[in-house]
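Encoded as structure tokens, the structure appears first; notes follow it.
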Amino acid sequence: MSNPIPVLLTDAHLAHAGLIELTGGREIPCWESPERAVAIEAELRAHGDCSFEAPTEHGREPITAVHDANLVEVFEHAWTDALAAGATDGSRPWIPDTYLLAAYPGPMRLGALPSGAHHRLGAYLFDTATPIVAGTWGAALAAVDVALTAAERVVGGASLAYGLCRPPGHHAARGMLGGYCYFNNAAIVAEWLRRSAGARRVAILDIDYHHGNGTQQIFWERGDVLYLSLHADPARAYPYYSGYAAETGGGDGAGTTRNWPLAAHTTLDGYATALAEALRLVVAFAPDGPLVISAGFDTFEGDPIGDFALRTPDYAEIGRMVAALGMPMVVLQEGGYAVEALGANALALLTGLRGA
Ligand code: SP5
Ligand code: ZN
């Protein structure tokens, strides 16, 4: 008999509903919806052996430890500035229309920045998938608190805690939002474990379908944080520009980033082979802090934006493989868009992680 799994969650995410995203030239409803977290919560409440706990506030310091302070400020004011400028009437999300690429200035020395934070936000986005509504900022802050409170449970002695983060985080880089992600919950936890919880080496295992470009960027030159990611080969899948096997870190972090780009229709067989390699690297790295797991269920066979073929019981097997490390674990929710299966998949992973 083990203790109930602490599940950290809050309703603050409900106020973040972006309404639309663009795909293939079409406006479609956001895949990243409030219903996702509602479905996971309902399943864990009905069938999980979990204790449900509210997060505590941790303020901005852990956020600015991994994110550009200017980005944080611009994000905070983007919605109110968009409203004040009449850029949205309040019923629609704010999605910037102009993006400041590194190629923009060329030889120019630009004179100023736009006055509205909603326009300045375009300097900090790499795609159009981070809609801003009235509740977005609060939800993003709350997701960080969920993640950090889950980490505190583990530091305090729980062998496993689950942060039901929404919005997700792993595409958010130091100075850049994208891919439904605003603050990088997993990176914030890893850095907090280093700075505030006495860990000297922290490993992050990212099992979302997509490469966690943000997490990789944040820790690229960090030899004290191991970033391991299994994901769809970026040659065919978002985020396209990172996640290739040749990316292994630089500077002090040379060798402490590793990627496993995987083929379409990957089943548990192929997945488990890559995972076993990643887990051997965790052991070799010998972390002294908890394992941080970026958990996405967009690897599910029924996911509308993924092309892997994992089934619900496979998540229990993945969980058992990771649990065999014998490490304490902070599990943070990332993607997964087959809403009807999310709860069962999350429950299967947590059950396996508990070693059952
Ligand atoms: C956290 C997370 O999982 N973010 C993923 C962001 C993905 N955004 C781009 C999606 C492109 C979808 N292409 C759909 C192809 C459907 N066949
Ligand atoms: Zn994903």
* **Dipole magnitude (debye, nearest 20) for the chain, charges at Cβ of Lys, Arg, Asp, Glu** => 640
* Inter-probe distance in nm under a simple model that places probes 7 Å from Cα toward Cβ, at Ile28 and Asp49 -> 3.9
* Asked: Which value, in Å² and to the nearest 10, is the accessible area of Tyr337 when all protein chains are kept and the probe is 1.4 Å?
  -> 20
* Structure fact -> Inter-part gap, Cα centre of the range 256-289 to Cα centre of the range 69-120, in whole angstrom, is 38
* Structure fact -> Counting sequence-distant residues (5 or more places) and residues on other chains, those with an amide H built under 5 Å from that of Ser51 are Ile5, Val7
* May I ask you to rank Phe52, Phe285, Phe183 by accessible area, largest first, using a 1.4 Å probe over the protein chains only? => Phe52, Phe285, Phe183
* To do: Beta carbons within 10 angstrom, averaged per residue: use that to sort the peptides 185-195, 304-314, highest first.
  => 185-195, 304-314
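Sorted by accessible area with a 1.4 angstrom probe, largest first, how do Arg36, Arg60 fall? It would help to have the intermediate numbers written out before the result.
Details: Arg36 5, Arg60 105 Å².
The ordering from most to least exposed comes out as Arg60, Arg36.
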* At a probe size of 1.4 Å, how large is the accessible area of Thr248, to the nearest 10 Å²? -> 50
* Given a 1.4 Å probe, how much area per residue of the chain is accessible, in Å²? -> 40
* Top to bottom by accessible area (1.4 Å), largest first, where do His77, His16 land? -> His77, His16
* Projected onto the charge dipole of the chain (+1 at Lys/Arg Cβ, -1 at Asp/Glu Cβ, origin at the Cα centre), which of Pro290, Ala341, Leu22 gives the Cα projection farthest towards the positive end? -> Pro290
* Asked: Using the Cβ atoms and a cut-off under 12 Å, what net charge is assigned to the surroundings of Ala278, where Lys and Arg are +1 and Asp and Glu are -1?
  -> 0
* Nearest 10 degrees, 0 to 90: what angle lies between the long axis of helix 312-323 and the longest principal axis of the chain (Cα atoms)? -> 80
* How much solvent-accessible surface does Ser115 expose, in Å² to the nearest 10, with a 1.4 Å probe and all protein chains in place? -> 110
* To do: May I ask you to evaluate 6.51 cos²θ - 1.76 cosθ + 1.60, the Karplus curve with θ = phi - 60°, for each residue of the range 111-118 and list the ³J(HN,Hα) values in order in whole Hz, giving x for glycine and proline?
  => x, 6, 10, x, 6, x, 4, 5
* Asked: With axes computed from alpha carbons, what is the tilt in degrees of helix 69-84 against the longest principal axis of the chain, rounded to the nearest 10 within 0 to 90?
  -> 60
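Can you give the extra length, in nm with one decimal, that the chain gains between Ala112 and Tyr240 once fully stretched, where that is 0.36 nm per residue apart less the Cα-Cα distance?
Going from the current span to full extension adds 42.9 nm.
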* Degrees between helix 34-47 axis and first principal axis of the chain (Cα, 0 to 90, nearest 10) -> 20
* Structure fact -> Listed residues Gly116, Gly212, Gly243; largest mean-square fluctuation, Gaussian network over the chain with Cα springs below 10 Å, found at Gly116
* Could you please state how large a percent of the accessible area of the chain is carbon and sulfur, counting protein chains only and using a 1.4 Å probe? => 54
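The values are calculated or read from the model by the stated rules, or taken from the named source; none is laboratory data. Given the structure is predicted, the values throughout are model-derived calculations rather than measurements. Reconstructed Cβ throughout: ideal geometry from the backbone, glycine too, with neighbour counts over all protein chains shown. All accessible areas refer to the heavy atoms of the entire protein, side chains included, with ligands and DNA or RNA removed. Shrake-Rupley method; radii C 1.70, N 1.55, O 1.52, S 1.80 Å.
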